[in-house]
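Take a look at the structure below.
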Ligand SMILES: Cc1ncc(COP(=O)(O)O)c(C=O)c1O
């Protein structure tokens, strides 16, 4: 048997020598081994790598500029290309896969998903149409159904995997428009809050609405949409002859991790006949935890929910999902027939994903979630998410101990927003001071955090969502914040030109 295999192998090697795009089986093994060695070394070194780099650094800019190149006529040896990638191209970047990445909403990068991509791309089967690869379309459908189960949707619910939250939100807006408005839809209005992710406004514009048709309703002290203002605005719009058709709520805002009153919002949507969408791109997978389920009660009443496995399920970038209570709504919005297409499935248990989504040909992305969930089991993800909830609360308690620290948003999930507010500064002065604090914390390169504006106040944010972030890194983060505050305090006591203190501004 082994001899037989060898003979076939040799024959193949001979045969493929004439085809430069087809490496021999031996060459493939060597290529895989070489790439695997680099990748594994890279992953092992992630905790020691700097948390970010300085995009304004002249050397980093020059190295990046040197990567621009003309179309190569001839091939290059793989070792040289791997050197280029791992030595020149990858290092000048935010270490988004490392344990110190506490910025924006962190992504993940669990290893089995990379393996899944390798397999999926190598076998290169077509999963957009059920009959083209039913044995692969089924695992992708399983993944969609698992996600539906996680958010508490009924068994008949469905959905699609997307490239991320923005595409999920876009697909939701298009579906809602199709379901609730006539073809002449320009009078349709969409209701969001002043904390809703900007991808919703972008989605509305891409779906053909004037940007002015998107209403931003004010939020309460917990950054949750004010439902009384919402009802009032809907009534005013109706009086003006407009057609309110969609309400978008958030389960985990990007600014503060706020969760709208999802049950209350569902009541408004029901009373007003609006399509209810929940943007749970960040928060959705916390539904795996008891605390998450408690804070997102009512999510299952939504017509559609966006949740991003490349956030809360720690998958690499390029993985989002849109779930809907009634898959027929997606089908009605996305089915267009063409003579050259194969026959589509009538059985609702067999899904042609191209009929539910804007895409036709695409990657086999289901495997990226299927493989790690099957390998590790969902409980491993649940535990890791619980750890993130604990770490965010721990960090908030630590920050509270720092003199003059204000917690601007208590963690509802794994995100905390705060600012250092010593006495004697104007609001502008405090904003500048906190920008300076952010810069000095990030300059230490142990962690990377980002800021935002909250009602005119510049806030620092810590979002704990990487499966690689544990207590030691959070402790390092707290030490860095305390030490940077001490350094800033010392430098302020010896004022220099451009000092931002209120007292100085009045003298
Ligand atoms: C709440 C929320 N919604 C939507 C998005 C957009 O998701 P993506 O970047 O995957 O397109 C983000 C991104 O961080 C987000 O935080």
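The values are calculated or read from the model by the stated rules, or taken from the named source; none is laboratory data. Owing to the predicted nature of the structure, the values given are computational and were not obtained by experimental measurement. Ideal geometry is used to build each Cβ from the backbone, glycine not excepted, and the neighbour counts take in all protein chains shown.
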Picked from the stretch 152-199 (must be surrounded by 24 or more Cβ atoms within 10 Å (Cβ to Cβ) and part of a helix (DSSP H, G or I)), the residue nearest to the ligand (Cβ to nearest atom) is 165
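Here are some residues: 409, 392, 369, 338. Which one is without any contact (Cβ under 8 Å) to a residue 24 or more places away in the chain and either under 19 Å from the mean Cα position of the chain (by Cα) or within 27 Å of residue 320 (Cβ to Cβ) (or both)? Please lay out each step first, then the result.
Numbers: 409 fails: without any contact (Cβ under 8 Å) to a residue 24 or more places away in the chain; 392 fails: without any contact (Cβ under 8 Å) to a residue 24 or more places away in the chain; 369 fails: without any contact (Cβ under 8 Å) to a residue 24 or more places away in the chain.
Within the list 409, 392, 369, 338, the selection yields 338.
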Subset of the stretch 227-244, residues assigned to a strand (DSSP E or B) and crowded, with 22+ Cβ neighbours inside 10 Å, comes to 244
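This table checks each residue for (1) within 23 Å of the chain's Cα centre (by Cα); (2) more than 16 Å from the ligand (Cβ to nearest atom); (3) touching a residue at least 40 places away in the same chain (Cβ under 8 Å).
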| residue | (1), (2), (3) |
| --- | --- |
| 216 | yes, no, no |
| 227 | no, yes, yes |
| 237 | no, yes, yes |
| 240 | no, yes, no |
| 244 | no, yes, yes |
| 256 | yes, no, yes |
Selection from the stretch 468-498 of residues at pLDDT below 85 and either under 38 Å from the mean Cα position of the chain (by Cα) or assigned to a helix (DSSP H, G or I) (or both) yields 492, 493
Only unsatisfied item for residue 138, checking (1) under 22 Å from residue 283 (Cα atoms); (2) out of contact with any strand residue (DSSP E or B) (no Cβ under 7 Å at 6 or more places or on another chain); (3) not in a loop (DSSP other than H, G, I, E, B), is (1)
Residues of the stretch 264-293 being more than 16 Å from the ligand (Cβ to nearest atom) and in a loop (DSSP other than H, G, I, E, B), in sequence order, are 273, 274, 289
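Looking for whichever is in contact with a strand residue (DSSP E or B) (Cβ under 6 Å, 6 or more places away or on another chain) and either over 19 Å from residue 143 (Cα atoms) or surrounded by fewer than 16 Cβ atoms within 10 Å (Cβ to Cβ) (or both) here; the options are 380, 409. Which one fits? Full working, then the answer.
Details: 380 fails: in contact with a strand residue (DSSP E or B) (Cβ under 6 Å, 6 or more places away or on another chain).
Sole residue among the options that is in contact with a strand residue (DSSP E or B) (Cβ under 6 Å, 6 or more places away or on another chain) and either over 19 Å from residue 143 (Cα atoms) or surrounded by fewer than 16 Cβ atoms within 10 Å (Cβ to Cβ) (or both): 409.
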Exactly one of 298, 212 is surrounded by fewer than 21 Cβ atoms within 10 Å (Cβ to Cβ) and in contact with a helix residue (DSSP H, G or I) (Cβ under 7 Å, 6 or more places away or on another chain), and that one is 298
Of (1) under 19 Å from residue 269 (Cα atoms); (2) in contact (Cβ under 8 Å) with a residue 40 or more places away in the chain; (3) surrounded by 23 or more Cβ atoms within 10 Å (Cβ to Cβ), residue 204 fails just (2)
Apart from one, (1) surrounded by 16 or more Cβ atoms within 10 Å (Cβ to Cβ); (2) in contact (Cβ under 8 Å) with a residue 60 or more places away in the chain; (3) away from the ligand (no atom under 16 Å from the Cβ) all hold for residue 134; the odd one out is (1)
Only one of (1) farther than 30 Å from residue 380 by Cβ; (2) surrounded by fewer than 19 Cβ atoms within 10 Å (Cβ to Cβ) does not apply to residue 274, and that is (2)
For helices (runs of 4 or more DSSP H) lying entirely in the stretch 50-129, having 3 or more residues that are away from the ligand (no atom under 16 Å from the Cβ) and modelled with pLDDT of 95 or more picks out 78-83, 111-123
With the first residue restricted to the stretch 294-311 and required to be assigned to a helix (DSSP H, G or I), and the second required to be modelled with pLDDT under 95 and surrounded by fewer than 23 Cβ atoms within 10 Å (Cβ to Cβ), Cβ contacts under 8 Å at 6 or more apart or on different chains are 310/107; 311/107
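Scan the stretch 316-336 residue by residue and report those that are away from the ligand (no atom under 11 Å from the Cβ), more than 9 Å from residue 356 (Cα to Cα) and in a loop (DSSP other than H, G, I, E, B). Break it down stepwise before answering.
First, the residues of the stretch 316-336 that are away from the ligand (no atom under 11 Å from the Cβ): 316, 322-336.
Then drop every residue that is not more than 9 Å from residue 356 (Cα to Cα), which leaves 316, 322-326, 336.
Correct list: 316, 325, 326, 336.
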Given the conditions (1) farther than 19 Å from residue 179 by Cβ; (2) buried (at least 22 other Cβ atoms within 10 Å of the Cβ); (3) away from the ligand (no atom under 11 Å from the Cβ), every one holds for residue 305 apart from (1)
Flag if residue 502 is over 24 Å from residue 107 (Cα atoms), touching a strand residue (DSSP E or B) at 6+ places or on another chain (Cβ under 7 Å) and at pLDDT below 95:
yes
Checking 261, 220 in turn, the sole residue that is surrounded by fewer than 18 Cβ atoms within 10 Å (Cβ to Cβ) and more than 16 Å from the ligand (Cβ to nearest atom) turns out to be 220
